[in-house]
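So the structure is just underneath, and the comments pick up after that.
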Amino acid sequence: MPPMRPLAFGLLVCSTALVTGSAWIAVDPGHRLAAATRAGSVPSRLRNTPEVVRPAAASSAAVSFAELVNRWNGDVLWAPASAGTDIITRFGDEVRAVFGPIPDIDCGDSAAKIIPLEIDGNIVDLKPNPGIAGRPLQFEHRDAAGRVVKWSTQIARCDKPSLAGNVTYCGMNSRVSREVIGNVEWTALCRKSSPHQEIDPEPYWQRDNPTFARLGVIGFNRQSGEIVFFDGSKDRSHFDWRRAFTPPGGRSYHDESGRREAAGLYDPTFQIQCSACHDNKSPYVISPHMGQARIGYEGGATGESASAFSLGDYIPKMPHEERLPFRVIGSAYTTAYATDLARAQTLQDPSGTCTECHTLTTQVTGQRLAADAAGRDPVITAPSWSDTVSVRAELRKLREIDAHRTDWARRSGQGKIHPWMVPRDGGKVGAGGHQIDEDDWRQLSNCIWEAGGAECNYRPLYTACPPPAKPSGGDGSRPTDLHIAILSSTADDGGADRVLRLNWRYLNDYGGIPQRDDVRFNIAIRSVAIPQSRKPPEEEEYPAVAEARDDGFVAIAGNVGSAGGLMTIRNLSYVGHRRFTEPAPATTPREFRADLPAMCGQRYLARILPKRFCFDQTGIQYAERGELVFADVECN
């Protein structure tokens with residue numbers, strides 16, 4: 001290895017900035033930080049460092065510096081979700097970095113709920129009919145008191161058909177499962193469906209048959225508004241809930257068998273655009289089909305039918321305020337639907353009828369759910385040709401859904417459950433319920449189809465990825481307890497006069513996830529001769545923000561290289577968080593540390609820049625300024 005003094009000389013003459021790992025250290029630039037010279041040697045360095053890459057343009061001094069920094073710090077210089085390139089495996093790693101551990105998906109658990117099928121105000125199940133020789137499978141209809149009303153051999157309509165549009169309209173015995181871990185709620189739907197979207201008296205539809213067709217999972221952080229969707233593979237003919245499903249990416253970076261299983265279990269094409277329907281700043285799209293007690297029952301949530309048939313409040317209410325943060329996680333998913341995510345908007349009902357209680361959007365919660373809930377056809381006052389085509393397509397789908405709805409559900413008078421949302425009374429759809437006024441609906445429909453004006457108060461539906469260390473619009477977390485120590489060097493330190501150790505503490509507490517792991521630090525360092533005045537540096541003397549970012553980064557040794565003409569160290573994690581290991585839960589700040597070679601007579605100026613891996617279409621968000629710190633290495 002070349003001696004260190006030529007390296008220091010090169011830094012002095014060329015003003016080369018040295019950047020150590022992904023770290024940033026916070027100190028007021030107007031305050032002189034005294035460098036504490038300590039006796040003794042530096043503790044042993046980390047091993048198992050990444051492969052060294054030597055660009056042809058890199059000087060021997062730069063290579064020497066990069067190799068030393070990489071050898072000392074390399075095991076904690078790594079980006080989250082970088083352990084592989086498989087789409088599903090990487091997707092799972094991204095999700096764990098944001099939401100923490102993902103539970104196994106278990107619709108066979110005793111706590112999972114069965115989505116009911118209701119026809120003419122009765123609940124229906126598929127059972128052997130004891131009144132007929134051979135006990136053939138038929139549909140049993142029971143009233144709220146549990147009495148058998150009749151048996152039938154086919155089902156063409158139901159009271160509450162699915163609004164999804166691409167599944168069996170009147171399916172039965174699908175299961176929904178929920179698990180809450182801190183601020184994160186995981187909901188899985190194991191949906192029974194048929195290719196022809198109808199239901200037959202076959203064993204597949206029985207309650208105790210564990211086979212189902214569609215697997216969908218949603219994770220949602222109730223504090224940060226972050227949401228993630230993953231679906232079962234569309235290449236599989238069926239799933240079986242007798243065995244829990246491993247999450248995408250397995251249970252950890254080192255869960256090799258789980259990662260292999262997950263890679264074949266989930267859909268890498270993200271064929272289903274879940275965000276188009278689950279877009280009301282909540283993980284749930286509540287419609288009568290789901291069987292929630294608070295909607296679609298005669299007598300309301302406390303009535304006889306709701307008590308006998310519904311899921312109760314298994315799926316809880318959540319605030320749907322229009323200004324709440326809301327962001328989709330998963331870089332592959334958000335890349336596939338980047339245009340739609342950017343275009344989606346929330347809106348206000350000009351008449352104030354609906355959006356005082358509900359969040360409506362220019363996506364499916366507006367175009368389909370609002371129309372079905374109100375019992376109105378979508379309409380645009382002055383449509384363009386493309387508007388006409390879009391509205392006609394949605395109208396056809398609404399007609400298909402309504403063709404599977406019973407006359408009982410649409411009846412007038414006591415017990416009517418469709419339309420299932422009415423002005424003023426919401427889900428209380430008894431005898432007094434009425435449809436929204438035609439003029440009010442036309443105004444709202446114009447807004448839904450992006451044909452309205454200022455009266456719609458359009459706003460972007462999805463909010464920006466929050467940069468770290470920004471009090472307003474960011475996560476607000478900043479490093480604390482910053483200090484620098486100048487340590488004596490040893491023979492193992494490659495000829496450095498001293499070792500410059502940067503220390504700070506930081507807690508990535510956005511969303512209240514103890515295992516959150518989506519923030520790393522970059523450090524840019526400039527070395528100059530100690531000025532005779534010993535005057536503290538001005539801010540413009542430090543490396544610029546652009547020099548601490550990853551733009552133009554060229555690796556020399558692992559995550560140590562050059563960017564913007566300066567040496568750069570990027571992706572520094574906390575002490576002990578070795579490459580591709582799961583973060584330990586933390587509710588207090590973790591310790592961060594970076595060791596750099598230093599030479600006598602030099603002033604070292606560092607900009608330490610935190611960055612968030614957003615795992616969406618925006619890539620990485622950096623702190624606006626980072627933290628500035630300097631130290632004078634005086635060896636006499």
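The values are calculated or read from the model by the stated rules, or taken from the named source; none is laboratory data. A quick note: this is a predicted structure, and the numbers were derived from the prediction, not measured. All Cβ positions, even for glycine, are placed from backbone atoms using ideal geometry, and neighbour counts span all protein chains on display. With ligands, DNA and RNA removed, areas are computed over all heavy atoms of the protein, side chains included. Shrake-Rupley method; radii C 1.70, N 1.55, O 1.52, S 1.80 Å.
Any chance you could count how many residues in segment 271-290 are in a loop (DSSP other than H, G, I, E, B) and either at pLDDT 90 or above or touching a His at 6+ places or on another chain (Cβ under 8 Å) (or both)?
Summing the residues that are in a loop (DSSP other than H, G, I, E, B) and either at pLDDT 90 or above or touching a His at 6+ places or on another chain (Cβ under 8 Å) (or both) in segment 271-290 gives 11.
From GLN223, GLN197, grab the single residue that is in a loop (DSSP other than H, G, I, E, B), closer than 27 Å to ALA464 by Cβ and either of a type in the set (Val, Ile, Thr) or open to solvent by 10 Å² or more (accessible area, probe 1.4 Å) (or both).
On the way: GLN197 fails: closer than 27 Å to ALA464 by Cβ.
None of the others qualify; the one that does is GLN223.
Based on this model, can you work out whether SER331 counts as among the hydroxyl-bearing types (Ser, Thr, Tyr), over 19 Å from the mean Cα position of the chain (by Cα) and farther than 22 Å from PRO423 by Cα?
It is false that SER331 is among the hydroxyl-bearing types (Ser, Thr, Tyr), over 19 Å from the mean Cα position of the chain (by Cα) and farther than 22 Å from PRO423 by Cα.
Of the residues that make up segment 546-554, is at least one within 20 Å of ASN503 (Cα to Cα), at pLDDT 95 or above, touching a strand residue (DSSP E or B) at 6+ places or on another chain (Cβ under 9 Å) and not acidic (Asp, Glu)?
no
If you take the residues in segment 271-312 that are open to solvent by less than 30 Å² (accessible area, probe 1.4 Å) and charged (D, E, K, R), which one is nearest to PHE229 (Cα to Cα)?
ASP279
For segment 83-95, which positions are in contact (Cβ under 8 Å) with a residue 40 or more places away in the chain and either of a type in the set (Lys, Arg) or open to solvent by 10 Å² or more (accessible area, probe 1.4 Å) (or both)? So that I can check it myself, show each step before the final result.
Our first condition is that a residue be in contact (Cβ under 8 Å) with a residue 40 or more places away in the chain; within segment 83-95, this holds for 83-84, 86-95.
Result: ALA83, GLY84, ASP86, ILE87, THR89, ARG90.
Among the numbered conditions (1) at positive phi; (2) open to solvent by 10 Å² or more (accessible area, probe 1.4 Å), tell me where SER177 comes up short.
Only one criterion in (1) at positive phi; (2) open to solvent by 10 Å² or more (accessible area, probe 1.4 Å) is unmet by SER177, namely (1).
Please go through segment 454-468 and give me each residue that is in contact with an Asp or Glu (Cβ under 9 Å, 6 or more places away or on another chain) and in a strand (DSSP E or B), ordered by number. Spell out how you get there, then give the answer.
Filtering segment 454-468 for residues in contact with an Asp or Glu (Cβ under 9 Å, 6 or more places away or on another chain) gives 456-459, 461-462, 465-468.
Scanning segment 454-468 gives a single hit, ARG459.
Any residue at all in segment 530-548 that is in contact with a helix residue (DSSP H, G or I) (Cβ under 6 Å, 6 or more places away or on another chain), more than 20 Å from VAL98 (Cβ to Cβ) and of a type in the set (Val, Ile, Thr)?
no
For segment 349-374, how many residues are modelled with pLDDT under 90 and part of a loop (DSSP other than H, G, I, E, B)?
11
Of the residues ALA496, ALA485, ALA451, which is open to solvent by less than 20 Å² (accessible area, probe 1.4 Å), in contact (Cβ under 8 Å) with a residue 40 or more places away in the chain, of a type in the set (Gly, Ala, Ser) and in a loop (DSSP other than H, G, I, E, B)? Before you say what the answer is, go through the steps one by one.
On the way: ALA485 fails: in a loop (DSSP other than H, G, I, E, B); ALA451 fails: open to solvent by less than 20 Å² (accessible area, probe 1.4 Å).
Of ALA496, ALA485, ALA451, the one residue that is open to solvent by less than 20 Å² (accessible area, probe 1.4 Å), in contact (Cβ under 8 Å) with a residue 40 or more places away in the chain, of a type in the set (Gly, Ala, Ser) and in a loop (DSSP other than H, G, I, E, B) is ALA496.
With respect to ARG327, determine if the residue is of a type in the set (Lys, Arg), at pLDDT 90 or above, closer than 24 Å to ILE620 by Cβ and buried (at least 19 other Cβ atoms within 10 Å of the Cβ). Talk me through it step by step, then tell me what you get.
Working: of a type in the set (Lys, Arg): yes; at pLDDT 90 or above: yes; closer than 24 Å to ILE620 by Cβ: yes; buried (at least 19 other Cβ atoms within 10 Å of the Cβ): yes.
Against the criterion (of a type in the set (Lys, Arg), at pLDDT 90 or above, closer than 24 Å to ILE620 by Cβ and buried (at least 19 other Cβ atoms within 10 Å of the Cβ)), ARG327 qualifies.
From the set of residues in segment 241-270 that are assigned to a loop (DSSP other than H, G, I, E, B) and among the hydroxyl-bearing types (Ser, Thr, Tyr), which is least open to solvent (accessible area, probe 1.4 Å)? Walk me through it before giving the result.
As a first pass, look at segment 241-270 and keep what is assigned to a loop (DSSP other than H, G, I, E, B): 241-244, 246-255, 267-270.
Next, only the ones that are among the hydroxyl-bearing types (Ser, Thr, Tyr) stay: 246, 252-253, 269.
Values: THR246: 1, SER252: 28, TYR253: 23, THR269: 92 Å².
Selected residue: THR246.
Those residues that are of a type in the set (Lys, Arg), outside any strand (DSSP E or B) and either in contact (Cβ under 8 Å) with a residue 60 or more places away in the chain or under 18 Å from MET172 (Cβ atoms) (or both), I need them from segment 124-152; list them, please. Write out each step before concluding.
First, the residues of segment 124-152 that are of a type in the set (Lys, Arg): 127, 135, 142, 147, 150.
Pick out the ones that are also outside any strand (DSSP E or B) and you get 135, 147.
Correct list: empty.
Could you check segment 401-432 and list, in sequence order, the residues that are modelled with pLDDT of 75 or more and over 21 Å from ILE286 (Cβ atoms)?
ALA403, ASP407, TRP408, ARG411
Being among the polar types (S, T, N, Q), assigned to a helix (DSSP H, G or I), closer than 30 Å to GLY100 by Cα and open to solvent by 40 Å² or more (accessible area, probe 1.4 Å) narrows it down to one residue among THR334, THR339; which is it? Don't jump to the end; show me each part of the working.
Values: THR334 fails: open to solvent by 40 Å² or more (accessible area, probe 1.4 Å).
Every option except THR339 fails the conditions.
Run PHE580 past the list (1) at pLDDT 95 or above; (2) open to solvent by less than 20 Å² (accessible area, probe 1.4 Å); (3) under 34 Å from the mean Cα position of the chain (by Cα) and report the number of the one that doesn't hold.
Of the numbered conditions (1) at pLDDT 95 or above; (2) open to solvent by less than 20 Å² (accessible area, probe 1.4 Å); (3) under 34 Å from the mean Cα position of the chain (by Cα), the odd one out for PHE580 is (2).
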